[in-house]
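Heads up: the structure comes next, in structure tokens.
The values are calculated or read from the model by the stated rules, or taken from the named source; none is laboratory data. Because the structure is predicted, anything quoted here is derived from the model rather than measured. Virtual Cβ from ideal backbone geometry, glycine too; neighbours counted across all protein chains shown. Only protein heavy atoms, including side chains, enter the accessible area calculation; ligands, DNA and RNA are left aside. Shrake-Rupley method; radii C 1.70, N 1.55, O 1.52, S 1.80 Å.
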Amino acid sequence: MSVSMSASHDFTKEPVASILLVEGSGVQGDAHAGATVQHLSRVRADPSQPNLRQVHLIQAELFDDLAHRGFRVSPGDLGENITTRGIDLLGLPVGALLRVGPDALVEVTGLRNPCWQIDHFQAGLLKAVLPRDDAGNVIRRAGVMGVVVRGGAVSPDDAVDVDLPIGRHRRLERV
């Protein structure tokens, strides 16, 4: 549906006509691109960690649900690079491959764990994207993270196809 990027560490990313995914790095020109961690809190903890959060994807169905709860969220607002529709991103296993556009390949590494800044965007939004189930467990709904296995240009109307890993699937955890 949409592609977004930001050269600075802003909370939101600006929707653009296309992005270029770079193998082993992420979105060309995006503040979070790099082989090692780029998220500021993770850099402070250990700047040598591998960057498992090169690309952030969110399903547009989340925006629909949030609208019913009174929130106004559009593509790029939550800092994602790629906004999809019709794919259960949160139900994918670790290692699922997303073929995005004609050339790009993204490997899903885990669930996004949003921080307190989301409430500065809209009050109460953190609780809406991190609800709890009946047992009190946190449900992470703010999209998935991945690494670029093969680069390529990606535009808003490009197809996204899913290849599931062979063998036993591991549920996504926060990265």
* Structure fact -> Among strands (runs of 3 or more DSSP E) entirely within the stretch 14-76, at least 1 residues that are closer than 26 Å to residue 91 by Cβ and open to solvent by less than 40 Å² (accessible area, probe 1.4 Å) occur in 19-22, 55-59
* Just give me the residues in the stretch 108-136 being at pLDDT below 95 and under 13 Å from residue 174 (Cα atoms), in sequence order. => 113, 114, 115
* To do: State all residues of the stretch 95-125 that are open to solvent by 30 Å² or more (accessible area, probe 1.4 Å) and within 29 Å of residue 157 (Cα to Cα); if no residue qualifies, say none.
  => 97, 99, 102, 103, 107, 113, 121, 122
* Residue that is most open to solvent (accessible area, probe 1.4 Å) [pool: residues in the stretch 77-94 that are closer than 13 Å to residue 141 by Cβ and in a loop (DSSP other than H, G, I, E, B)] -> 88
* Tell me, yes or no, whether the stretch 76-85 has at least one residue that is among the hydroxyl-bearing types (Ser, Thr, Tyr), touching a Gly at 6+ places or on another chain (Cβ under 8 Å) and farther than 14 Å from residue 54 by Cα. => yes
